[in-house]
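Chemist: Quick one: the structure is below, questions incoming.
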Amino acid sequence: MNVLLFFCLIDLSIVGLDIWFYLAAVLLKQFVKQHWQEDDEAFVPPVVSPDEKAVLRQLLPSSLNDPHGKIRTAIGMAVASIAQCDWPDEWPDLLPYLLKLISDQSSMDGVRGALRCLALISGDLDDALVPTLVPVLFPCLYTIVSSSHLYEKSLRAKAISIVHSCSSVLGTMCGVYKTETIALMKPMLKPWIEQFSHILQPPVQSEDPDDWSIRMEVSKCLIQFIQNFPSITEAEFSVIMAPMWQTFVSCLEVYEQSSIKGINDSYSGRYDSDGVENSLESFVIQLFELLLTIMANRKLMKVIGGNVQELVYYTIPFLQMTEEQEHTWSLDANQYVADEDDVTYSCRVSGALLLEEVVNAYGEEEFDSIIEAVQKRFSQSSQEKYAGSTDWWRLQEASVFALSSVSESLLEAQASGIIRFNLGDLLGQMLSANIGSGINEYPFLHARAFSAAAKFSSVISQIVREQFLHAAMKAIASDVPAPVKVGACRAVAQLLQESNMRVVEPYTIDLLSALIDLLRQASDETLHLVLETIQAVVKSGHQQMSSIEPIISPIILNTWVEHVSDPFISIDAIEVLEAIKNVPGYTGPLVFRVLPSVKAMMESPNSHPTGLVAGSLDLLTMLLKDTPIDIIKAVFDACFHPVIRLILESTDHSEMQNATECLATFVSRGKQELLAWGGDPHVTMKSLLDAASRLLDPDLDSSGSLFVGSYVLQLILHLPSQMAHHIRDLIGALVRRMQSCEIAGLKSSLLLIFARLVHLSAPNVEQFIELLLTVPAAGYENALVYVMSEWSQHQGEINGSYQIKVTTSALALLLSTRHPQLAKINVKGHLIKSHAGITTRSKAKLFPDQWTIIPLPAKMLALLADVLVEMEEQGVGSDDEDSDWEEIHDGDDSIHQDILASVTSNARASMKHLDAMAKAFDESIDDDDGDDSLVKGVDPLNEINVANYLMDFLAKFSNTDRPLFDHLCQCLTVAQRNAVERVLNK
């Protein structure tokens with residue numbers, strides 16, 4: 001780095017070439033990142049010499065008072081980059097210099113530059129620096145924030161942003177250094193909150209983004225205070241509530257005029273010099289974040305508790321569509337669907353999240369208040385309509401949207417009889433108010449009504465349901481705005497499931513014809529919605545299938561081919577085809593329509609576009625599921641050998657994964673009969689084993705082997721006598737594949753195979769252990785040591801009801817053998833905390849995680865106890881109401897024990913409760929179905945009641961060898977021991 005050249009550029013700026021200075025500063029920042037510190041990850045030789053470093057440290061800060069904002073920012077970035085490496089040890093005078101700058105009221109440019117630099121530095125502070133910085137820095141920042149007559153709002157906002165950054169670091173420290181952090185913050189908190197109340201007190205002004213920015217920074221700070229220092233914040237928070245409410249309420253009128261009606265400037269899409277959005281909407285979103293944080297605090301939420309109806313009443317107008325949203329969504333229905341389905345960054349979404357939090361925080365006590373607030377706003381919109389307002393529909397749409405955003409909770413409350421109102425009648429009146437008239441003038445209102453009818457279909461009357469279904473079907477077939485068709489599709493997809501099919505069937509052909517036309521025009525998100533609607537129509541229109549299938553199947557197939565590279569759309573198309581296949585009598589016609597094309601793709605995979613072969617395998621797998629055996633044989637004759645060839649020859653990971661799943665389905669559906677379909681059973685079996693061998697090749701990329709576990713499991717379950725001759729070779733291949741695999745899910749699926757082999761060996765499990773002792777494993781004494789080391793370490797990562805049942809019961813079988821070789825294996829026990837504070841990368845290198853080492857049998861018992869603990873937690877539920885740092889106590893099991901103790905009186909778990917625990921446990925892990933779809937009704941292990949199984953095992957184990965059992969229990973945690981004792985004392 002040529003320091004002289006850099007300062008020559010400074011001279012150039014004097015004669016007006018400031019752009020060169022700015023570019024030089026940017027380049028300097030990049031240079032510092034790469035050349036300043038040799039042990040940095042981004043270091044590129046050569047390193048800057050100590051003399052040049054000293055020169056830069058001396059001269060750079062003096063340019064922070066440059067009159068050009070971009071130059072100040074660039075210099076601040078360079079200073080902050082050097083500070084990360086050198087401050088405070090090598091640059092002790094940096095902070096005094098910056099504090100001097102921000103205190104010099106005679107140079108506002110210097111204040112701006114120093115604050116910008118401090119903001120950059122504060123974003124990268126750690127727990128060692130902040131405690132020493134805050135006592136010196138915060139008073140200077142407070143002076144700026146409290147001196148509104150001297151400092152402009154943008155400077156005061158920047159000062160508050162630095163407070164926010166430092167408070168964030170202190171908050172993370174509070175978990176470990178609670179006393180010290182609270183002592184540091186307590187005397188500062190009250191004056192800051194008082195100052196914040198002064199900032200929030202005046203009504204929000206329109207077209208004043210600097211005012212919005214400073215209020216937004218205040219909101220961010222308050223969120224940090226509430227989350228990280230709740231106990232001391234709660235005592236002072238009463239001061240802020242009225243000003244905060246004043247800001248929220250007064251902001252509504254500004255937001256309606258600026259964003260919703262577009263009369264004033266909303267500064268949408270504008271950013272400040274730091275790249276932070278400076279719009280009205282970003283400010284409102286931050287306000288909602290603050291309210292959400294308050295309601296998440298069980299003490300502060302009580303302050304709002306008596307005013308929930310008023311909070312909802314003022315929130316609903318913020319949910320109105322903005323002028324910009326209306327314009328965008330009118331032009332692009334695809335964007336409308338995407339924004340409706342995704343959690344986008346918008347005021348509308350934040351307001352809906354607030355309503356959801358109101359329901360979660362206050363529950364049944366305030367359901368009626370929410371409905372009453374919605375009714376008031378709906379009535380207000382009706383009054384505006386009769387008064388001649390052109391925007392009346394916005395508030396009405398927002399009112400229905402508000403109810404829809406909490407639909408699940410409202411429906412549960414209605415079913416439980418909690419709500420005083422008849423939700424069905426109320427919604428029927430609201431939704432029917434405008435349906436059928438003004439559809440072109442108010443498309444978004446009609447779209448919302450259709451969507452809400454779908455969401456609340458279970459409570460609205462049959463008459464209203466049929467009214468909306470007919471209106472929706474008519475809208476789909478009519479020339480109406482695209483948003484209306486979107487809502488109509490949602491209504492049809494849901495309402496068809498709950499309507500009298502005899503009423504609907506006369507319209508099925510016309511409806512499908514209109515949907516097919518819509519399908520040709522749709523793209524991306526709307527395509528998904530149309531396919532979902534077609535699927536619903538197919539499921540409901542069985543009587544019309546003879547005339548529908550020949551028309552619709554080719555169109556859906558073409559749609560699938562066109563979008564095969566899009567996993568979401570291709571899955572939607574396959575689901576429509578599956579709905580057609582599941583219509584009685586139409587499996588054969590669909591399969592034989594699809595099969596020639598799929599066979600051709602399988603036989604010449606390299607001549608088709610990327611993704612089409614992999615997609616065809618997905619389609620083929622669907623055709624095989626729940627299909628008559630004669631049709632499965634026809635699919636086997638056409639595609640079995642091409643699928644085998646793909647596994648043996650393909651290098652495309654998607655093709656190999658899908659081919660593996662397809663082959664697993666072939667085995668699952670064909671079973672023993674499959675071997676004879678190919679002529680010589682030995683040849684077919686060899687093909688199956690060759691595929692397994694390729695997939696278990698340790699040199700194959702892990703992604704290509706991802707589903708080999710499911711495939712091997714099917715071979716073991718359905719061809720056990722044939723596989724028995726290859727068990728030793730299979731174990732060796734499994735071990736080698738496990739040792740080279742890089743994907744946790746693949747390793748878990750292979751551990752499942754070992755667990756299933758344990759069950760297959762029962763009651764001679766000892767012989768299986770002896771077999772493992774004879775199989776080599778690179779770097780280990782034998783396969784037993786390797787497999788059990790991996791199994792004990794990764795059992796907690798195994799997901800899926802079936803997988804957990806098999807592996808858990810297999811561990812119990814292994815432990816029950818008391819085989820002496822198991823006791824000779826030592827594995828990782830419990831994690832030892834080796835350091836405190838924030839875990840930085842450097843700390844992680846210096847203090848890596850350390851574990852206790854315990855005998856394998858003790859670890860196996862601990863893993864079984866963990867299952868009991870988890871079942872109890874699932875059965876009882878957990879109280880996450882208060883997660884404040886201040887209320888966490890290291891090593892305190894009292895809360896956990898209290899929860900578990902509440903399971904039953906006298907610490908005795910009844911059989912009824914064990915069943916409830918097992919049911920809750922199964923429900924909590926059923927989302928990860930894994931291999932479950934191929935084992936239901938096939939593998940009896942899937943029917944295991946884990947609670948009863950473990951209870952029987954522990955009772956037998958403790959009664960048979962009590963000394964050993966007691967010895968192993970010594971390695972259990974308190975929670976694990978309590979869980980075991982509760983089961984034994986049933």
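The values are calculated or read from the model by the stated rules, or taken from the named source; none is laboratory data. On a predicted model such as this, the values are computed, not experimentally measured, just so you know. FYI the Cβ positions are ideal-geometry reconstructions off the backbone, even for glycines, and counts take in every protein chain you see. Note: areas computed on protein heavy atoms with side chains; ligands, DNA, RNA excluded. Shrake-Rupley method; radii C 1.70, N 1.55, O 1.52, S 1.80 Å.
To keep it simple, each residue is scored yes or no on (1) closer than 24 Å to Val145 by Cβ; (2) at pLDDT 80 or above; (3) surrounded by fewer than 18 Cβ atoms within 10 Å (Cβ to Cβ).
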site: Leu64; (1), (2), (3): yes, yes, no
site: His68; (1), (2), (3): no, yes, yes
site: Thr73; (1), (2), (3): yes, yes, no
site: Trp91; (1), (2), (3): no, yes, no
site: Leu94; (1), (2), (3): yes, yes, no
site: Lys100; (1), (2), (3): yes, yes, yes
site: Met108; (1), (2), (3): yes, yes, yes
site: Gly113; (1), (2), (3): yes, yes, no
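Chemist: Collect the residues in segment 554-589 that are open to solvent by 70 Å² or more (accessible area, probe 1.4 Å), more than 32 Å from the chain's Cα centre (by Cα) and over 22 Å from Pro506 (Cβ atoms), keeping them in residue-number order.
Modeler: Selection gives Asn558, Asn582.
Chemist: Filter segment 341-364 down to the residues that are out of contact with any helix residue (DSSP H, G or I) (no Cβ under 8 Å at 6 or more places or on another chain) and surrounded by 15 or more Cβ atoms within 10 Å (Cβ to Cβ) and list them by number.
Modeler: Selection gives Val349 alone.
Chemist: Regarding segment 592-599, can at least one residue be identified that is modelled with pLDDT under 95 and outside any helix (DSSP H, G or I)?
Modeler: No, the conditions are met nowhere in segment 592-599.
Chemist: With the condition being basic (Lys, Arg), I'd like the helices (runs of 4 or more DSSP H) fully within segment 742-812 carrying at least 2 qualifying residues.
Modeler: 744-761
Chemist: Tell me which residues, restricted to segment 670-688, are among the aliphatic types (A, V, I, L, M) and surrounded by fewer than 15 Cβ atoms within 10 Å (Cβ to Cβ).
Modeler: Initial filter on segment 670-688 (among the aliphatic types (A, V, I, L, M)): 674-676, 683, 685, 688.
Across segment 670-688, the qualifying residues are Ala676, Val683.
For (1) within 12 Å of Thr587 (Cα to Cα); (2) outside any helix (DSSP H, G or I), each residue gets a yes or a no:
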residue	(1), (2)
Asp626	yes, yes
Asp630	yes, no
Cys639	no, no
Pro642	no, no
Ala659	no, no
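Chemist: Give all pairs with beta carbons closer than 6 Å in which a residue from segment 596-623 that is polar (S, T, N, Q) meets a residue that is open to solvent by 10 Å² or more (accessible area, probe 1.4 Å); count only pairs at least 6 apart in sequence or on separate chains.
Modeler: The qualifying pairs are Ser616/Met601; Thr621/Glu661.
Chemist: I need every pair where a residue in segment 528-557 that is under 11 Å from Ala579 (Cα atoms) and free of Cβ contacts under 8 Å to residues at least 60 places away in the same chain has its Cβ under 7 Å from the Cβ of a residue that is of a type in the set (Lys, Arg) and part of a helix (DSSP H, G or I), sequence separation at least 6 or different chains.
Modeler: Ser553/Arg593
Chemist: Still on this structure, I have one more. Within segment 395-425, can you find the residues that are open to solvent by 20 Å² or more (accessible area, probe 1.4 Å) and either among the hydrophobic types (A, V, I, L, M, F, W, C) or within 23 Å of Tyr314 (Cα to Cα) (or both)?
Modeler: Correct list: Phe401, Ser405, Glu408, Ser409, Leu411, Ala415, Ile418, Arg420, Phe421.
One line per residue, one yes/no per condition, for (1) charged (D, E, K, R); (2) modelled with pLDDT of 90 or more; (3) within 30 Å of the chain's Cα centre (by Cα):
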residue: Ile193; (1), (2), (3): no, yes, no
residue: Cys221; (1), (2), (3): no, yes, yes
residue: Asn228; (1), (2), (3): no, no, yes
residue: Glu236; (1), (2), (3): yes, no, no
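Chemist: Name the residue that is farthest from Ser457 (Cα to Cα), counting only residues in segment 486-500 that are part of a helix (DSSP H, G or I) and either open to solvent by 50 Å² or more (accessible area, probe 1.4 Å) or charged (D, E, K, R) (or both).
Modeler: Selected residue: Arg490.
Chemist: Here are Gln414, Gln396: which of them is under 36 Å from the mean Cα position of the chain (by Cα) and closer than 29 Å to Leu331 by Cβ?
Modeler: Gln396
Chemist: Among (1) over 30 Å from Tyr151 (Cα atoms); (2) exposed (fewer than 15 other Cβ atoms within 10 Å of the Cβ); (3) within 45 Å of the chain's Cα centre (by Cα), which single condition is Trp36 missing?
Modeler: (2)
Chemist: What's the total number of residues in segment 455-485 that are of a type outside the set (Ser, Thr, Tyr) and open to solvent by 10 Å² or more (accessible area, probe 1.4 Å)?
Modeler: 18
Chemist: Can you give me the number of residues within segment 850-878 that are surrounded by fewer than 19 Cβ atoms within 10 Å (Cβ to Cβ), at pLDDT below 65 and not polar (S, T, N, Q)?
Modeler: 2
Chemist: Which of the residues spanning segment 284-299 are crowded, with 18+ Cβ neighbours inside 10 Å and either free of Cβ contacts under 8 Å to residues at least 60 places away in the same chain or part of a loop (DSSP other than H, G, I, E, B) (or both)?
Modeler: Asn297
Chemist: Go through segment 817-828 residue by residue and tally those that are under 18 Å from Gln970 (Cα atoms) and out of contact with any Pro (no Cβ under 9 Å at 6 or more places or on another chain).
Modeler: The number of residues fulfilling the criteria is 1.
Chemist: Taking Val337, is it of a type in the set (Val, Ile, Thr), part of a helix (DSSP H, G or I) and open to solvent by less than 10 Å² (accessible area, probe 1.4 Å)?
Modeler: Yes; evaluated as a whole, the condition is true for this residue.
Chemist: Same structure, new question: Since Trp87 meets every condition but one in (1) under 30 Å from Ser146 (Cβ atoms); (2) at pLDDT 80 or above, which condition does it not meet?
Modeler: For Trp87, the exception is condition (2).
Every residue, every condition in (1) within 29 Å of Cys741 (Cα to Cα); (2) modelled with pLDDT of 95 or more; (3) of a type outside the set (D, E, K, R), yes or no:
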residue: Lys625; (1), (2), (3): no, no, no
residue: Phe636; (1), (2), (3): no, yes, yes
residue: Ile644; (1), (2), (3): yes, yes, yes
residue: Leu663; (1), (2), (3): yes, yes, yes
residue: Val667; (1), (2), (3): yes, yes, yes
residue: Thr684; (1), (2), (3): yes, yes, yes
residue: Asp690; (1), (2), (3): yes, yes, no
residue: Leu695; (1), (2), (3): yes, yes, yes
residue: Val708; (1), (2), (3): yes, yes, yes
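Chemist: Could you check segment 786-832 and list, in sequence order, the residues that are among the basic types (Lys, Arg) and within 15 Å of Ala858 (Cβ to Cβ)?
Modeler: Applying the first criterion (among the basic types (Lys, Arg)) to segment 786-832 yields 805, 818, 824, 828.
Passing the criteria: Arg818, Lys824, Lys828.
Chemist: Here is a list: Ile551, Ile534. Which entry is assigned to a helix (DSSP H, G or I), aliphatic (A, V, I, L, M) and surrounded by fewer than 17 Cβ atoms within 10 Å (Cβ to Cβ)?
Modeler: So the residue among Ile551, Ile534 that is assigned to a helix (DSSP H, G or I), aliphatic (A, V, I, L, M) and surrounded by fewer than 17 Cβ atoms within 10 Å (Cβ to Cβ) is Ile551.
Chemist: Report, by residue number, each residue of segment 716-734 that is over 21 Å from Ser809 (Cα atoms) and either touching a residue at least 24 places away in the same chain (Cβ under 8 Å) or small (Gly, Ala, Ser) (or both).
Modeler: Passing the criteria: Leu719, Ser721, Gln722, Ala724, His726, Arg728, Leu730, Gly732, Ala733.
Chemist: Is at least one residue of segment 384-394 crowded, with 22+ Cβ neighbours inside 10 Å and either in contact (Cβ under 8 Å) with a residue 12 or more places away in the chain or within 25 Å of Lys485 (Cβ to Cβ) (or both)?
Modeler: Scanning segment 384-394 turns up at least one residue that is crowded, with 22+ Cβ neighbours inside 10 Å and either in contact (Cβ under 8 Å) with a residue 12 or more places away in the chain or within 25 Å of Lys485 (Cβ to Cβ) (or both).
Chemist: Of the numbered conditions (1) more than 36 Å from the chain's Cα centre (by Cα); (2) open to solvent by 10 Å² or more (accessible area, probe 1.4 Å), Leu125 fails exactly one; give the number of that condition.
Modeler: All conditions are met except number (1).
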